[in-house]
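Worksheet for the structure shown next.
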Amino acid sequence: MDDQGKLVLETPRLLFRRFTEADAPLLNALHSDPEVMRYISKGVPQSLAEIEEKVLPRWLAYHDEYEHFGFWAAHERATKAFIGWFHLRPFRGDPDEIEVGYRLHRRFWGQGYATEGSRALIEKAFTDWGVEKIVATTLAENAASRRVMEKCGLAYEGPFVYPSKLLPDWTVEERRGVKYGLQRMKASG
Ligand SMILES: CC(C)(COP(=O)(O)OP(=O)(O)OC[C@H]1O[C@@H](n2cnc3c(N)ncnc32)[C@H](O)[C@@H]1OP(=O)(O)O)[C@@H](O)C(=O)NCCC(=O)NCCS
């Protein structure tokens, strides 16, 4: 397909492109770092087979279903290095709300990349894609992720418990998360 891997968005330091089927090993490297996966799977790595057979096909299917939403690979403009990914997708709890998410390689943490990428996507979603509300969730103790949400202008909305279907072997206490949100500013007349 010609539009796979195509450039979607640029920020001062980042490039966003569509994922392709060839990206499974790239994702496997990211999803194998226990520190990266700490608040996602208690550090358990995701296998290449799972990425090839389940994760990537599900992500690629977003582009068939939605014009604007999905998961994108992010690269550093200066080096072209793959830094990780971002998503915008209808929120499971309310598909009218669009959920932003991110996962970056550890060596790229602490440079403002998650904030820069998320802000650019949120701006695009509000101004060009007709999105009315952006939300994000994370486990309550994921302080870095919460900070990114705050820096992007999202405000704390309340507790959020991840469904047991999503995290089958986790206790309710372990699934305790938080939800943040940001409503699009209405143009004043
Ligand atoms: C969450 C994540 C994407 C943040 O990426 P990043 O590029 O480092 O984020 P930014 O640099 O834009 O901002 C991080 C902010 O969190 C702060 N922070 C980092 N670790 C923190 C901690 N343990 N406690 C409190 N604040 C923390 C940073 O100081 C920074 O805030 P500041 O600019 O006010 O100093 C990255 O840590 C990551 O990929 N983690 C693993 C995957 C993950 O947990 N994804 C989110 C799942 S919901």
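Taking helices (runs of 4 or more DSSP H) as the structural unit, those lying wholly within region 1-113 and holding at least 1 residues that are under 19 Å from Met149 (Cβ atoms) correspond to 38-41.
Does Glu141 count as within 13 Å of the ligand (Cβ to nearest atom), surrounded by 12 or more Cβ atoms within 10 Å (Cβ to Cβ) and of a type in the set (Asp, Glu)? Considered against the rule, which asks whether it is within 13 Å of the ligand (Cβ to nearest atom), surrounded by 12 or more Cβ atoms within 10 Å (Cβ to Cβ) and of a type in the set (Asp, Glu), Glu141 comes out as yes. For His68, the criteria (1) at pLDDT 95 or above; (2) in contact with an Asp or Glu (Cβ under 9 Å, 6 or more places away or on another chain) hold in every case but one, which is (1). Here Asp128 meets each of (1) out of contact with any strand residue (DSSP E or B) (no Cβ under 9 Å at 6 or more places or on another chain); (2) farther than 16 Å from His68 by Cα with one exception, condition (2).
Inspection of region 150-168 finds no residue satisfying the criterion of being away from the ligand (no atom under 16 Å from the Cβ) and within 16 Å of the chain's Cα centre (by Cα). Only residues that are without any contact (Cβ under 8 Å) to a residue 60 or more places away in the chain, more than 10 Å from the ligand (Cβ to nearest atom) and hydrophobic (A, V, I, L, M, F, W, C) were counted across region 71-113, and they come to 7.
Considered as a group, the residues in region 114-151 that are part of a loop (DSSP other than H, G, I, E, B) and of a type in the set (Gly, Ala, Ser) include one that is farthest from Arg175 (Cα to Cα), and that residue is Gly130. In the condition set (1) within 30 Å of Thr171 (Cβ to Cβ); (2) among the charged types (D, E, K, R); (3) surrounded by fewer than 17 Cβ atoms within 10 Å (Cβ to Cβ), Glu99 is compliant with all but (3).
The values are calculated or read from the model by the stated rules, or taken from the named source; none is laboratory data. As the structure is a computational prediction, the values presented were derived from the model and not from experiment. Counting neighbours? That spans all protein chains shown, and the Cβs are built from the backbone with ideal geometry, glycine included.
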